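One structure is given below, encoded as structure tokens.
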Amino acid sequence: EVNSWLQQTGARVLWRDSRMKNVLMPAHGLMLGGPTCPLANIQAPPMHQPEPQDPEGLALLLVSGGSTGTPKLIPRSHNDYLCCLRLSSQRCGIEARHRYLCLLPSAHNFALASPGILGFWQAAACVVLSDEAMPKAQIQLLERFKITHTALVPAQALAWLNSCGKEPALAGITEGVQLQVGGAPLDAATALALENQLGVRLQQVFGMAEGL
């Protein structure tokens with residue numbers, strides 16, 4: 001998939017992690033990241049001032065979901081994407097006092113701008129990033145960082161229910177958290193269980209990477 005995207009985009013830089021194997025960077029490109037070059041070590045100043053961008057021009061390429069074969073790339077303009085994340089942030093009532101825990105892949109449209117990382121930043125709110133995969137540890141992060149909002153797909157939400165069923169004390173941590181669930185349909189029984197057993201304020205998110 002990565003090789004296909006590199007060919008489609010003509011990318012000049014690839015920031016990879018150690019899991020990427022057999023990546024063929026174009027001759028004009030540069031591969032960074034991984035254990036030899038983590039992002040935190042890059043402290044060089046910009047080589048030049050950014051040029052003004054066309055608001056209707058390409059801002060980013062999102063990866064499509066639910067397609068067969070190699071996922072397609074979806075072009076989004078600056079105006080289009082900024083409009084979507086602003087409206088999503090407003091619709092969800094995001095304010096500067098809120099704190100968002102990002103547990104989903106940050107390049108996914110749900111986690112990035114529905115309202116996601118960019119939607120919370122747009123409201124001057126705090127964003128906490130985590131790659132923690134275990135439900136108990138994820139829930140404990142809510143307390144550690146005083147999180148008010150987080151987002152899960154239904155499978156993760158079920159894992160939270162199971163974890164709190166085994167350790168009821170965890171449900172005290174989730175009480176009052178605004179839980180956004182999207183990426184797939186959420187059945188009514190699970191929705192009710194999330195509200196009744198975890199005490200979360202449930203908000204279902206609908207959308208697609210192609211836009212509204």
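Contact map, the range 173-192: first residue touching a residue at least 40 places away in the same chain (Cβ under 8 Å), second residue open to solvent by 10 Å² or more (accessible area, probe 1.4 Å) and among the aromatic types (F, W, Y), Cβ cut-off under 9 Å, separation 6 or more or different chains; pairs are Q180/F110; G182/F110; G182/F206; G183/F110. Among the residues making up the range 1-16, those that are open to solvent by 70 Å² or more (accessible area, probe 1.4 Å), in contact (Cβ under 8 Å) with a residue 24 or more places away in the chain and not acidic (D, E) are Q8, W15. Against the list (1) open to solvent by 60 Å² or more (accessible area, probe 1.4 Å); (2) aliphatic (A, V, I, L, M); (3) part of a strand (DSSP E or B), the condition A189 fails is (3). Among the residues of the range 147-172, those identified as touching a strand residue (DSSP E or B) at 6+ places or on another chain (Cβ under 6 Å) and touching a residue at least 40 places away in the same chain (Cβ under 8 Å) are I147, T148, H149, T150, A151, L152. On the given criteria, is S88 under 16 Å from the mean Cα position of the chain (by Cα), under 28 Å from W5 (Cβ atoms), at pLDDT below 95 and in a helix (DSSP H, G or I)? Here the answer is yes, as S88 does meet what is asked. Taken together, the residues in the range 146-185 that are open to solvent by less than 60 Å² (accessible area, probe 1.4 Å), part of a loop (DSSP other than H, G, I, E, B) and either closer than 21 Å to S106 by Cα or modelled with pLDDT under 95 (or both) amount to 6.
Selection over the range 122-145 of residues that are among the aliphatic types (A, V, I, L, M) and assigned to a loop (DSSP other than H, G, I, E, B) gives a count of 5.
Going by what's in this entry, would L101 be described as part of a strand (DSSP E or B), of a type in the set (A, V, I, L, M, F, W, C), crowded, with 17+ Cβ neighbours inside 10 Å and within 16 Å of the chain's Cα centre (by Cα)? Spelling it out, L101 is indeed part of a strand (DSSP E or B), of a type in the set (A, V, I, L, M, F, W, C), crowded, with 17+ Cβ neighbours inside 10 Å and within 16 Å of the chain's Cα centre (by Cα). Suppose we keep only residues that are in a helix (DSSP H, G or I) and open to solvent by 10 Å² or more (accessible area, probe 1.4 Å) within the range 104-116. Which one would you say is farthest from G207 (Cα to Cα)? So, considering only residues that are in a helix (DSSP H, G or I) and open to solvent by 10 Å² or more (accessible area, probe 1.4 Å), the one farthest from G207 (Cα to Cα) is L112.
Number of residues in the range 62-98 that are buried (at least 16 other Cβ atoms within 10 Å of the Cβ), among the charged types (D, E, K, R) and in contact (Cβ under 8 Å) with a residue 12 or more places away in the chain equals 2.
The values are calculated or read from the model by the stated rules, or taken from the named source; none is laboratory data. These numbers were taken from a predicted model, which means no experiment stands behind them. Positions of Cβ are generated from backbone atoms using ideal geometry, with glycine treated the same way; all protein chains shown enter the neighbour counts. These accessible areas exclude ligands, DNA and RNA; they are computed on the full protein's heavy atoms, side chains included. Shrake-Rupley method; radii C 1.70, N 1.55, O 1.52, S 1.80 Å.
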